[in-house]
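Taking it in order: structure first as structure tokens, then the write-up.
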Amino acid sequence: KAQFPVIIFSHGLMGNSRTYTYQAMELASHGYVVVSLDHGDGSSSFTIKEPQNAEQVNLVPYDFDIFKHYDPTRKENVDYVRARRAQMEIRVKEILSAMDAILHLNKQDESYCQTSFQNKLTKDMIFMGHSFGGAA
């Protein structure tokens, strides 16, 4: 049986998964399954987190406070770099979580999916992203 290669895509600063729809569609047209993440680290223009109930909408806005750590007159901005590294650590955890979820979908059929991915995905995944997303 043919298996589909998987790409996990990480957006850049101020981006989100919808920003890269064209790129994801192009990759999908060549047979890739593209998982485009919305990061909850405050680096996205906005992220919608899963609500706790039907009346609730959880938006994670862009964290503009990170710039209070940046001083363009200084050669080194240690606090700014630490803040960006903290965001990177969140992104890496989210990417690893997505990878685990994909492996789980490939391993067993899930009733909440409209299409079964069981044994249809390659276990070797491609990780890619734009700018800060590529660094993750």
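The values are calculated or read from the model by the stated rules, or taken from the named source; none is laboratory data. Keep in mind that this is a model prediction, so the values were computed, not measured. All Cβ positions, glycine included, derive from the backbone under ideal geometry; neighbour counts span all protein chains shown. We work out accessible area using only protein heavy atoms, side chains counted, and drop any ligands, DNA or RNA first. Shrake-Rupley method; radii C 1.70, N 1.55, O 1.52, S 1.80 Å.
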* Asked: Per residue, how many Å² of accessible area does the chain show with a 1.4 Å probe?
  -> 68
* To do: Determine ³J(HN,Hα), in whole Hz, for all residues of segment 78-83 in sequence, where each value follows from phi through the Karplus function 6.51 cos²θ - 1.76 cosθ + 1.60 and θ = phi - 60°; x replaces Gly and Pro.
  => 4, 5, 5, 4, 4, 5
* Asked: Lys123: which lysines have alpha carbons under 20 Å from its alpha carbon, excluding same-chain residues fewer than 8 sequence positions away?
  -> Lys1, Lys93, Lys107
* Scan around Leu13 for amide H atoms under 5 Å from its own, H built in the peptide plane at 1.01 Å from N, and keep only partners 5 or more places away or cross-chain. => Phe132, Gly133
* May I ask you to derive the FRET efficiency for Asp109 and Asn58 from their Cβ-Cβ distance with R0 = 25 Å, giving the value to the nearest 0.05? => 0.30
* Asked: Can you run phi through the Karplus equation (6.51, -1.76, 1.60; θ = phi - 60°) for segment 93-107 and list ³J(HN,Hα) in whole Hz, with x for Gly and Pro?
  -> 4, 5, 5, 5, 5, 4, 4, 4, 5, 5, 4, 5, 4, 6, 7
* Under 5 Å, built H, 5+ apart or other chain: amide partners of Leu121 -> Phe4
* Structure fact -> Phi-derived 3J(HN,Hα) across segment 59-71 with the Karplus relation (6.51, -1.76, 1.60, θ = phi - 60°), rounded Hz, x for Gly and Pro, is 9, 10, x, 4, 8, 6, 5, 4, 6, 5, 8, 9, 10
* Which far-off residues, 5 or more places away or on another chain, put their amide H under 5 Å from the one on Val34, with H placed in the peptide plane? -> Ile7
* To do: Calculate the tail of P(r) for the chain: the fraction of all Cα-Cα distances greater than 17 Å, expressed in %.
  => 66
* With all protein chains present, how much of the accessible area of the chain (probe radius 1.4 Å) comes from carbon and sulfur, to the nearest whole percent? -> 55
* **Residue-span extension gain [Ala135 to Asn77] - 0.36 nm each, minus C-alpha spacing** => 19.0 nm
